[in-house]
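Colleague: The structure that follows is given in the form of structure tokens.
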Amino acid sequence: MSIAHNLGFPRIGARREMKRAVESYWKGDLDETGLRATGRELRARHWRLQVDAGLDLVPVGDFTWYDHVLDMSVLLGVVPQRFGDVHGSTSVAGGRMPGATAVTGEVDLKTYFRMARGRAPGDKAGSADTYACEMTKWFDTNYHYIVPEFSADQAFRLASSKLFDELAEAKAQGLCAKPVLVGPLTYLWLGKTRGAAFDKLALLDKLLPVYGEILARLKSEGVEWVQIDEPILVLDLPQEWKDAFGVAYQQLQGSGVKLLLATYFGALADNTGVACGLPVDGLHIDLVRAPQQLGAVLNQLPDSKILSLGVVDGRNIWRTDIEKVLVMLEGVKERLGDRLWIAPSCSLLHTPVDLALETKLDEEFKSWLAYATQKVAEVVAVRDGVDHGRSGIGTLLDASRAAVQSRATSKRIHRPAVKERVAELATNADQRHAVYAERARQQREKLKLPLLPTTTIGSFPQTQAIRIARRDFKAGRIGEAEYNERMRQEIALAVRKQEEIGLDVLVHGEAERNDMVEYFGELLDGYAFSENGWVQSYGSRCVKPPIIFGDVSRPQPMTVEWTTYAQSLTAKPMKGMLSGPITMLQWSFVRDDQPRSATALQIAFALRDEVLDLEKAGIKVVQIDEPALREGLPLRHADWAEYLRWAAHAFRVTAGAVRDDTQIHTHMCYAEFNDIIDSIAALDADVITIETSRSDMELLDAFVNFSYPNEIGPGVYDIHSPRVPTSDEIVRLMEKAARVVPADRLWINPDCGLKTRDWPEVETALANMVSAAKTLRDRLAG
């Protein structure tokens, strides 16, 4: 019989219970005992759901309070020195000193959250603050992980009981548990070195004994299978890293547990021989993203090994075409027999929890979808169909066939006018009229900004008053006129505060926006929305991605009224704020019946109309955010050029029709830019703002080495931490930036939007930022 299993389940809870518990803990409204009780209840619920659906093996260790890579760092005792020596209790040392922490006890929860956020509950502002660890995107997803930090003298040791405690919980429920670990090579690959330069791969010899200790302890607890995730095997790897896989798994094979090596997000390609030849007991591959790899893997996999096939999409919400999957697997079952396992393509953490909670979607549209709960059922159905034939899953198979047929023929998807407009695109429609140098001259004359102009990235705190107004409006307790008036009051508040602080280029604060993508999607044709389609982005931050199901167009202006109202309140320049076409694409659940490039260009045309309407309304500065540009980069270098070509084209189509004296900004955050800097320059934005505070301006190296020609705003305020930077710290960061970028091309701004922060800390931080700008201007003038 085949085995049905899962690589991971969403942590947040169907109604975001984890988010609410963690944030209550951070605020001091819930103690650690209460927090842990919520975690136990969620884990038990999720395990029981998967078992009741019919899974043979259930993942354990996929639950986390913030991030599973951070969990791995804590398990391995990788705690940067600035968080203090760990002896069961933690003292925190500030500063940015490199080096390893002496971990001689368990890493406690406060240290864990200090690593993630810079501060833990109970820490007084200024007394225990330190820099949070860097955060970046998990491969090509919108999930963010906390980057491990390694020093040349890095030590590793077993420093957390979390995995083993959760295993004990699962065993107490009588579950057949499969613990999940980030593999040693992937863990090292994802990390960064600090201090003196060294090769982080050299740490492998010290790391492997701790992995061996973990596996041995799991064996002593009665575990049969351990899932060990090595997704870097779908990347272009240097030969020394490929060779290291053999060394590592040769050492780990003596643990006594069976290892399922899990790969996902792409094809093994040139790493197929490496993966198939490792001394492990099973291999998982992603057949949703890379179905073409199946033949090569089957030909190279030894006869003794399990092959787990990811045939249910763990990254998107479209219902599985079960008939198509069964056809693909017919010959595979004959060849592998009981060595065939069925699974989602990757962890289901990237999908919402349960479609049953969606009560407002029409039945036809809802029939096209599957959330994590439904995907688990699909995995079981595929297993049963493979083992017992189609007659054994008749009801689910019939529903799948009907949904596939309905979606393929629905008239609500295809809009000929949209396709015709795209087809008629002029060859120069993505080009500005003048080169940057001429545009910059005109913009300086028009905007009359000081040296080192200050601004923010767009959003201001989403206060309780805003949330109440939005909730009451949706519930019908207040009308549209009252809701709009409340939003205007919040916009006026944001404008007044910015003027009092002394910022140079203002924003309206985005009070009316629930989310930077969802807001626009609600106003565009071709999008649909869920009530409970929440997924985790980072930590307690959850997003509800729109669903792009059809051709996209803009029925009417989306932001003009709010932005022009804000501009009417001030003589300073007011930025129009838009989410860019690639971010709108990447942060949505995207239709899979046409190329993503075609959908991106449709979105670009819709946004182009909005940019021109803002310009006509007198808005002199328009920011088109593209934080997801780097995220969308294919994992294999051979595929980069084509993606970057159409992605940059879509951005330029959005911005290309404006006058030369209209200043176009873009924003990117939490991504490495070195390898795509030429494509970022090809966007031809007048100003780019980026995240740099957590990396201590390290990301600016890419722009310097490339001699980036346009203006740059390196973020000086880490908005994902409650820690407020001092004016002196901001001066230090900007002086560092000014050594590599001419001051007349520098802006001063936070790393990202301020939506998640509170007004008191925002006002203090921005006042410090403005003070730092004045200090720097005085120094440069002197």
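Colleague: I'd like the residue in the range 34-50 that is basic (Lys, Arg) and free of Cβ contacts under 8 Å to residues at least 40 places away in the same chain and, out of all such residues, is nearest to Leu349 (Cα to Cα). Explain how you work it out, then say what you get.
Modeller: Here is the first cut: in the range 34-50, the ones basic (Lys, Arg) are 36, 40, 43, 45, 48.
Then keep just the ones that are free of Cβ contacts under 8 Å to residues at least 40 places away in the same chain; that gives 36, 45.
Numbers: Arg36: 20, Arg45: 15 Å.
Out of the qualifying residues, it is Arg45.
Colleague: Only one residue in Ser707, Ser695, Ser679 is at pLDDT below 95, open to solvent by 10 Å² or more (accessible area, probe 1.4 Å) and assigned to a loop (DSSP other than H, G, I, E, B), so which one is that?
Modeller: Details: Ser695 fails: open to solvent by 10 Å² or more (accessible area, probe 1.4 Å); Ser679 fails: assigned to a loop (DSSP other than H, G, I, E, B).
Checking each option against the conditions leaves just Ser707.
Colleague: Quick check on the range 429-445. Is at least one of its residues open to solvent by 50 Å² or more (accessible area, probe 1.4 Å), free of Cβ contacts under 8 Å to residues at least 60 places away in the same chain and in contact with a Lys or Arg (Cβ under 8 Å, 6 or more places away or on another chain)?
Modeller: no
Colleague: From the list Leu361, Leu396, which residue is part of a helix (DSSP H, G or I) and either open to solvent by less than 10 Å² (accessible area, probe 1.4 Å) or at pLDDT below 95 (or both)?
Modeller: Working: Leu361 fails: part of a helix (DSSP H, G or I).
Criteria check complete, one pass: Leu396.
Colleague: Sticking with this structure for a sec: Could you please find all residues in the range 258-279 being closer than 27 Å to Lys219 by Cβ, aliphatic (A, V, I, L, M) and either open to solvent by 10 Å² or more (accessible area, probe 1.4 Å) or without any contact (Cβ under 8 Å) to a residue 24 or more places away in the chain (or both)?
Modeller: Scanning the range 258-279 gives a single hit, Val274.
Colleague: Looking at Tyr519, Tyr483 in this structure, which one is of a type in the set (Phe, Trp, Tyr) and modelled with pLDDT of 95 or more? Steps first, answer last, please.
Modeller: Details: Tyr519 fails: modelled with pLDDT of 95 or more.
Checking each option against the conditions leaves just Tyr483.
Colleague: Count, please, the residues in the range 620-637 that happen to be at pLDDT 95 or above, of a type in the set (A, V, I, L, M, F, W, C) and either part of a helix (DSSP H, G or I) or touching a strand residue (DSSP E or B) at 6+ places or on another chain (Cβ under 8 Å) (or both).
Modeller: 3
Colleague: A further question on this structure: Just wondering, is there one or more residues in the range 191-205 that are open to solvent by less than 20 Å² (accessible area, probe 1.4 Å), in contact (Cβ under 8 Å) with a residue 40 or more places away in the chain and outside any loop (DSSP other than H, G, I, E, B)?
Modeller: First, pick out the residues of the range 191-205 that are open to solvent by less than 20 Å² (accessible area, probe 1.4 Å): 191, 203-204.
Next cut, in contact (Cβ under 8 Å) with a residue 40 or more places away in the chain only: 191, 203-204.
Going one step further and asking which of them are outside any loop (DSSP other than H, G, I, E, B), we end up with 203-204.
Among the residues of the range 191-205, at least one is open to solvent by less than 20 Å² (accessible area, probe 1.4 Å), in contact (Cβ under 8 Å) with a residue 40 or more places away in the chain and outside any loop (DSSP other than H, G, I, E, B), which makes the answer yes.
Colleague: Could we say that Ile688 is open to solvent by 10 Å² or more (accessible area, probe 1.4 Å), within 22 Å of Met734 (Cα to Cα), free of Cβ contacts under 8 Å to residues at least 40 places away in the same chain and of a type in the set (A, V, I, L, M, F, W, C) here?
Modeller: Numbers: open to solvent by 10 Å² or more (accessible area, probe 1.4 Å): no; within 22 Å of Met734 (Cα to Cα): yes; free of Cβ contacts under 8 Å to residues at least 40 places away in the same chain: yes; of a type in the set (A, V, I, L, M, F, W, C): yes.
Taking the combined requirement at face value, the residue does not satisfy it.
Colleague: (1) within 18 Å of Arg421 (Cβ to Cβ); (2) outside any loop (DSSP other than H, G, I, E, B); (3) open to solvent by 10 Å² or more (accessible area, probe 1.4 Å); (4) touching a helix residue (DSSP H, G or I) at 6+ places or on another chain (Cβ under 9 Å): which one isn't true of Trp562, the others all being true?
Modeller: (1)
Colleague: Here is a check on your reading of the model: is Lys178 in a strand (DSSP E or B), among the basic types (Lys, Arg) and modelled with pLDDT of 95 or more? Full working, then the answer.
Modeller: Working: in a strand (DSSP E or B): yes; among the basic types (Lys, Arg): yes; modelled with pLDDT of 95 or more: yes.
Criteria met by Lys178.
Colleague: Restricting attention to the range 714-721, does a residue exist that is of a type in the set (Val, Ile, Thr) and open to solvent by 10 Å² or more (accessible area, probe 1.4 Å)? Lay out the reasoning, then the answer.
Modeller: The first filter runs over the range 714-721 and keeps only residues of a type in the set (Val, Ile, Thr), leaving 716, 719.
Subset that is open to solvent by 10 Å² or more (accessible area, probe 1.4 Å): none.
No: the range 714-721 contains no residue that is of a type in the set (Val, Ile, Thr) and open to solvent by 10 Å² or more (accessible area, probe 1.4 Å).
Colleague: Go through the range 364-376 and give me each residue that's within 30 Å of Gly337 (Cα to Cα) and open to solvent by less than 40 Å² (accessible area, probe 1.4 Å). If you could, list the steps in order and put the result at the bottom.
Modeller: So the first thing to find is which residues in the range 364-376 are within 30 Å of Gly337 (Cα to Cα), and the list is 370-376.
Hits for the range 364-376 are Ala370, Tyr371, Ala372, Thr373, Lys375, Val376.
Quick grid of which residues meet (1) β-branched (Val, Ile, Thr); (2) closer than 22 Å to Trp26 by Cβ; (3) modelled with pLDDT of 85 or more; (4) not in a strand (DSSP E or B):
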| position | (1), (2), (3), (4) |
| --- | --- |
| Thr111 | yes, yes, yes, yes |
| Arg114 | no, yes, yes, yes |
| Ala128 | no, yes, no, yes |
| Ser160 | no, yes, yes, yes |
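Colleague: Turning to a different aspect of this structure: Confirm whether Leu425 is open to solvent by 60 Å² or more (accessible area, probe 1.4 Å) and either of a type in the set (Ser, Thr, Tyr) or part of a loop (DSSP other than H, G, I, E, B) (or both).
Modeller: On the way: open to solvent by 60 Å² or more (accessible area, probe 1.4 Å): no; either of a type in the set (Ser, Thr, Tyr) or part of a loop (DSSP other than H, G, I, E, B) (or both): yes.
No, not satisfied.
Colleague: Go through the residues of the range 51-60 one by one and say whether even a single one is part of a helix (DSSP H, G or I) and in contact (Cβ under 8 Å) with a residue 60 or more places away in the chain.
Modeller: Going residue by residue through the range 51-60, those that are part of a helix (DSSP H, G or I) are 51-53.
Okay, now just the ones that are also in contact (Cβ under 8 Å) with a residue 60 or more places away in the chain, so 51, 53.
Checked against the condition, which is being part of a helix (DSSP H, G or I) and in contact (Cβ under 8 Å) with a residue 60 or more places away in the chain, the range 51-60 yields at least one hit.
Colleague: Which of the residues belonging to the range 294-310 are open to solvent by 10 Å² or more (accessible area, probe 1.4 Å) and under 28 Å from Leu585 (Cβ atoms)? Walk me through how you get there before you give the answer.
Modeller: Kept after step one, since they are open to solvent by 10 Å² or more (accessible area, probe 1.4 Å), are these residues of the range 294-310: 294-296, 298-306.
Result: Leu294, single match.
Colleague: Same structure, new question: Filter the range 327-358 down to the residues that are open to solvent by 20 Å² or more (accessible area, probe 1.4 Å) and of a type in the set (Asp, Glu), then identify the one that is nearest to Lys375 (Cα to Cα).
Modeller: This residue is Asp354.
Colleague: Looking at (1) in contact with a Pro (Cβ under 8 Å, 6 or more places away or on another chain); (2) open to solvent by less than 30 Å² (accessible area, probe 1.4 Å), find the lone condition where Ala772 falls short.
Modeller: It fails just one condition, (1).
Colleague: Of all residues in the range 12-33 being open to solvent by 10 Å² or more (accessible area, probe 1.4 Å) and assigned to a loop (DSSP other than H, G, I, E, B), which is nearest to Cys346 (Cα to Cα)?
Modeller: In this case the residue turns out to be Ala14.
Colleague: Moving on. Considering every residue within the range 459-466, establish whether at least one is among the small types (Gly, Ala, Ser), more than 29 Å from the chain's Cα centre (by Cα) and outside any helix (DSSP H, G or I). Let's see the steps before the verdict.
Modeller: First pass over the range 459-466, keeping only residues among the small types (Gly, Ala, Ser): 459, 465.
Then drop every residue that is not more than 29 Å from the chain's Cα centre (by Cα), which leaves none.
No - not one qualifying residue is present in the range 459-466.
Colleague: Give the residues of the range 344-358 that are assigned to a helix (DSSP H, G or I) and either over 22 Å from Glu522 (Cα atoms) or more than 21 Å from the chain's Cα centre (by Cα) (or both), sorted by residue number.
Modeller: Initially, the range 344-358 is screened for residues assigned to a helix (DSSP H, G or I), giving 348-350, 355-357.
Leu348, Leu349, Leu355, Ala356, Leu357 - these are the residues of the range 344-358 that are assigned to a helix (DSSP H, G or I) and either over 22 Å from Glu522 (Cα atoms) or more than 21 Å from the chain's Cα centre (by Cα) (or both).
Colleague: Turning to a different aspect of this structure: Sort out which residues of the range 244-257 are farther than 26 Å from Arg289 by Cβ and either at pLDDT 95 or above or basic (Lys, Arg) (or both), and write them in order of number. Explain how you work it out, then say what you get.
Modeller: Of the range 244-257, the ones farther than 26 Å from Arg289 by Cβ are 247, 250-257.
Within the range 244-257, Val247, Gln250, Gln251, Leu252, Val257 meet the criteria.
Colleague: Please name all residue pairs, on different chains or six or more residues apart, with Cβ atoms under 7 Å, provided the first residue is in the range 497-510 and is part of a helix (DSSP H, G or I) and surrounded by 19 or more Cβ atoms within 10 Å (Cβ to Cβ) and the second residue is at pLDDT 95 or above and aliphatic (A, V, I, L, M).
Modeller: From residues that are part of a helix (DSSP H, G or I) and surrounded by 19 or more Cβ atoms within 10 Å (Cβ to Cβ), the pairs are Gln498/Leu506; Ile501/Leu766; Ile501/Ala767; Ile501/Val770.
Colleague: Another question, if that's okay. When you scan the range 331-343, how many residues do you find that are in a helix (DSSP H, G or I) and in contact (Cβ under 8 Å) with a residue 24 or more places away in the chain? Explain how you work it out, then say what you get.
Modeller: Filtering the range 331-343 for residues in a helix (DSSP H, G or I) gives 331-339.
Still in the list and also in contact (Cβ under 8 Å) with a residue 24 or more places away in the chain: 332-333, 335-336, 338-339.
Summing the residues that are in a helix (DSSP H, G or I) and in contact (Cβ under 8 Å) with a residue 24 or more places away in the chain in the range 331-343 gives 6.
Colleague: Show the residue pairs meeting these rules: Cβ distance below 6 Å; 6+ apart or different chains; first residue within the range 522-545 and acidic (Asp, Glu); second residue in a strand (DSSP E or B) and open to solvent by 10 Å² or more (accessible area, probe 1.4 Å).
Modeller: Asp525/Ser553
Colleague: Right, another one. Keeping to the range 218-236, report how many residues are without any contact (Cβ under 8 Å) to a residue 60 or more places away in the chain, over 20 Å from Val69 (Cα atoms) and either open to solvent by less than 30 Å² (accessible area, probe 1.4 Å) or not hydroxyl-bearing (Ser, Thr, Tyr) (or both).
Modeller: 5
The values are calculated or read from the model by the stated rules, or taken from the named source; none is laboratory data. These numbers come from a predicted model, not from an experiment. Methodologically, a virtual Cβ is constructed for each residue, glycine included, from the backbone with ideal geometry; neighbour enumeration extends over all protein chains shown. In case anyone asks, the SASA skips ligands and DNA or RNA and just uses the protein heavy atoms, side chains included. Shrake-Rupley method; radii C 1.70, N 1.55, O 1.52, S 1.80 Å.
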